[in-house]
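Undergrad: Quick one: the structure is below, questions incoming.
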Amino acid sequence: MQHLTGLVVFTDLDGTLLDHDDYSWEAARPALVRLHENDIPVLAISSKTLAELRAINNRHHLFAGLIGENGGAIEIGSDLRQPGPATQTIDDARAAIARAVSIPVASFRTSNADAIATATGLAKTDAALAGDRNCSDPLIWQPSSDDIAIAEKIARDFGLKLVKGGRFYTLCGETDKGRAMQTAISMLQEQQKLPAKRSEITSIALGDSPNDAGMLAHADIAVQIPVKHGPVPQLDLGGKTARLAPAPGPQGWNQSLHAILDELSQTPTAITKAR
Ligand SMILES: [Mg+2]
């Protein structure tokens, strides 16, 4: 029997491992079991906070490591690192913005769970987890275009940026999922959960949106999960190509991982060794 070694899996959650509509990962269970049986670490990498990711993992025990806030904060076992900006820098920049603009500026970090629940529509417990942030902070404000320009300038002065997401302007740093992946691999090497030689490691990454492009571009094997509703986005992977999963969400996740593990266990390369 061949034992797969040196493999590590990084996965986005929403629309990738979790179904777009019901957030279920059930369809990916067979591949997750197979990864677990082969001691292959699976890491979640998401725009969610570490607190939100911990809540998911405490319930389902899926991940060997958590990467939150789009790569800004990494937790593997008791090792917690923050490649993203210092929390104090975020707070100082937000305070400077609040002083400079003519409207009230609140944020997830400054608001209680009730206020975040009102702003987002989340349940109060989930709102509290979303508000527990390390290195990015969605603003709760009603800005004019002048306010936005002022805030963007101040963010830059602090080495940060102001990013417009679906509903919020978020104050954050230059972190990306690709760089966080490299840091997480080093952390796993230090914990002897991956080989010391990078050449003996094969990283697999799965994602569905432009937000995942940095991660997919860094992976040795990249899988794009097609979106469930609407057109599949063209991701800029800097010349690399990703495999397109045969189905959206956890179904595609499951099938792609099985196919990759089948291929790798049949190919006697540096990453596989006879048991
Ligand atoms: Mg996604």
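Undergrad: Sequence-distant or interchain residues sharing an amide H contact under 5 Å with Leu4, placed H: which?
TA: Amide H to amide H, under 5 Å and 5 or more residues apart or across chains, Leu4 pairs with nothing.
Undergrad: In whole Å, what are the Cα extents of the range 87-172 along the three principal axes, biggest one first?
TA: 34, 25, 21
Undergrad: Also, quick follow-up: Taking a cut-off of 29 Å between Cα atoms, list the lysines near Lys240, but don't count ones fewer than 8 places away on the same chain.
TA: Lys48, Lys161, Lys164, Lys177, Lys193, Lys197, Lys228, Lys273
Undergrad: Tell me the mean residue ellipticity at 222 nm calculated for the chain from its helices only (DSSP H runs of n ≥ 4, each -39500 (n - 2.57), averaged over every residue, nearest 500).
TA: Numbers: 9 runs with 101 residues, N = 275.
That calculation yields -11000 deg cm²/dmol at 222 nm.
Undergrad: Given points 7 Å out from each Cα along the Cα-Cβ axis, report the Thr87 to Thr241 separation in nanometres with one decimal.
TA: Taking the two extended label points, one gets 4.5 nm.
Undergrad: Here's another thing I want to ask about it. Determine the principal axes of the Cα atoms in the chain, then give the extent along each, sorted from largest to smallest and rounded to whole angstroms.
TA: Result for the chain: principal-axis Cα extents of 67, 37, 37 Å.
Undergrad: Please report the carbon-and-sulfur percent of the accessible area for the range 87-172; probe 1.4 Å, protein heavy atoms only, DNA, RNA and ligands left out. Please report the intermediate quantities before stating the final value.
TA: Values: 2200 of 4330 Å².
Heavy-atom surface of the range 87-172 belonging to carbon and sulfur, 1.4 Å probe: 51 percent.
Undergrad: Let me ask something else about it. Full-extension gain between Arg99 and Glu190, please, as 0.36 nm times their residue separation minus the C-alpha to C-alpha distance. Display every interim value, and only then the final one.
TA: Working: separation 91, 0.36 × 91 = 32.76 nm, distance 4.37 nm.
Difference between extended and current length: 28.4 nm.
Undergrad: So, one more: Send over a whole-number figure in Å² for the accessible area per residue of the range 87-172, probe 1.4 Å. All intermediate terms of the calculation are to be shown ahead of the outcome.
TA: On the way: 4330 Å² over 86 residues.
With all protein chains present, the range 87-172 gives 50 Å² per residue.
Undergrad: Report, to two decimal places, the Cα Rg of the range 191-266 normalised by 2.2 N^0.38 Å (N = number of residues).
TA: That works out to 1.17 for the range 191-266.
The values are calculated or read from the model by the stated rules, or taken from the named source; none is laboratory data. Predicted model, so just to flag it, every value in this text is computed and none were measured. We place every Cβ from the backbone using ideal geometry, glycine too, and count neighbours over all the protein chains shown. SASA here: full protein model, heavy atoms, side chains in, ligands and nucleic acids out. Shrake-Rupley method; radii C 1.70, N 1.55, O 1.52, S 1.80 Å.
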